[in-house]
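The values are calculated or read from the model by the stated rules, or taken from the named source; none is laboratory data. Quick caveat: nothing in here was measured; it's all calculated off a predicted structure. Here the Cβ is made from the backbone with ideal geometry for all residues, glycine too, and neighbour counts use every protein chain on show.
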Amino acid sequence: MTSRYIAIDWGSTNLRAWLYQGDDCLDSRQSEAGVTRLNGRTFEAVLAQVTEGWDVDTTPVVMAGMVGSNAGWVNVPYLPCPARLSDIGQQLTAVTDNVWIIPGLCVAQDDNHNVMRGEETQLLGARELQPSSLYVMPGTHCKWVRVDGESVTDFRTVMTGELHHVLLKHTLVGAGLPEQVASAQAFEAGLTRGLESPDLLPRLFEVRASHVLGALAREEVSEFLSGLLIGSEVASMTRHASHEQAVTLVASPSLTARYQQAFLLAGRSASAISGDAAFQAGIRSIAHAVAK
């Protein structure tokens, strides 16, 4: 692989692409043509459109995310954990000439069955940018990843982001609410409740009851619910973690700020790095490894 390459983050609903020369990003593009939104187009056609003018025929392409799932371009096998981080870049799957997909990771244990696609590339970059023993990767499906030296030993997934969306849009909790507004006070109140009472199921209907009875402003339900879910997640997931264990958050600044607040209220500290920076560092390391 030459020093010039294309990096693709191809998820379920969106696609992001970067053109690199070594470590320098020459151009970047975004598309809503995620793997579930091709609208009858082929993967080859979408790739050609998003990389138009980038000489894709002669420039290597490295892709991560749901493009490698059973709903994607090619169903790329998962690497089972424990897995060495260096193995991720050494087991790429070629889909066409000059185009590769990065494998995801999986855990298959009696008490834990989990998969990830895309986050493994962020994880590679995060490890390079900021070594840690526990990475928390907030998002639609938040990943809690344990790393021992240079190996991923275990990870678990919490559907916090998706649950927030579903509860607000498709259940009685969010029925009939007005437009929601930002509220640091409501978010912190939800965090406190979630951290103190992580048994989430009995608390969910209380969100509706609180605004029906006037204890919670109807336009602040989203913020309170966000705090409740994140607080419950942090309380539940840190219950068995060593208090001295270093925690690094990997996500957008807005999300890491929410989780840092939760960790602080729980009496723990957590550093943060940008999810985009981690992904790009990770995919650069893979591209450079292939080039050797």
(1) surrounded by 13 or more Cβ atoms within 10 Å (Cβ to Cβ); (2) closer than 18 Å to GLY275 by Cβ all hold for GLN30 apart from (1)
Which residues, counting only those in the range 255-281, are surrounded by fewer than 19 Cβ atoms within 10 Å (Cβ to Cβ), within 21 Å of GLY125 (Cβ to Cβ) and either in contact with a helix residue (DSSP H, G or I) (Cβ under 6 Å, 6 or more places away or on another chain) or at pLDDT below 95 (or both)?
ASP276, ALA277
Return only the number of the condition from (1) closer than 28 Å to VAL152 by Cβ; (2) polar (S, T, N, Q); (3) over 22 Å from the mean Cα position of the chain (by Cα) that THR93 does not satisfy.
(3)
Against the definition (touching a residue at least 60 places away in the same chain (Cβ under 8 Å) and buried (at least 19 other Cβ atoms within 10 Å of the Cβ)), how does ILE101 come out, yes or no?
no
Number of the condition not met by VAL50 [criteria: (1) in contact with a Lys or Arg (Cβ under 8 Å, 6 or more places away or on another chain); (2) farther than 17 Å from SER69 by Cα; (3) touching a residue at least 60 places away in the same chain (Cβ under 8 Å)]:
(3)
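Considering only strands (runs of 3 or more DSSP E) fully contained in the range 127-229, which possess at least 1 residues that are touching a strand residue (DSSP E or B) at 6+ places or on another chain (Cβ under 7 Å), of a type outside the set (Val, Ile, Thr) and surrounded by fewer than 17 Cβ atoms within 10 Å (Cβ to Cβ)? It would help to see each step written out before you state the result.
Details: elements: 134-137, 142-148, 151-158.
So the answer is 151-158.
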Please state which one of LEU264, LEU225, LEU229 is in contact with a His (Cβ under 7 Å, 6 or more places away or on another chain) and within 26 Å of SER133 (Cβ to Cβ).
LEU229
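State all residues of the range 253-273 that are in contact (Cβ under 8 Å) with a residue 40 or more places away in the chain and over 19 Å from GLU188 (Cα atoms); if no residue qualifies, say none.
Taking the range 253-273 and keeping what is in contact (Cβ under 8 Å) with a residue 40 or more places away in the chain, we get 255-256, 258-259, 261-262, 265-266, 270-271, 273.
Those that are in contact (Cβ under 8 Å) with a residue 40 or more places away in the chain and over 19 Å from GLU188 (Cα atoms): SER271, ILE273.
Rundown of residues vs (1) surrounded by 14 or more Cβ atoms within 10 Å (Cβ to Cβ); (2) under 22 Å from the mean Cα position of the chain (by Cα); (3) part of a helix (DSSP H, G or I); (4) at pLDDT below 95, yes/no style:
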site: MET1; (1), (2), (3), (4): yes, no, no, yes
site: TYR5; (1), (2), (3), (4): yes, no, no, yes
site: TRP18; (1), (2), (3), (4): yes, yes, no, yes
site: GLY40; (1), (2), (3), (4): no, no, no, yes
site: VAL67; (1), (2), (3), (4): yes, yes, yes, no
Quickly run through the range 42-51 and pick out the residues that are β-branched (Val, Ile, Thr) and exposed (fewer than 13 other Cβ atoms within 10 Å of the Cβ).
THR42
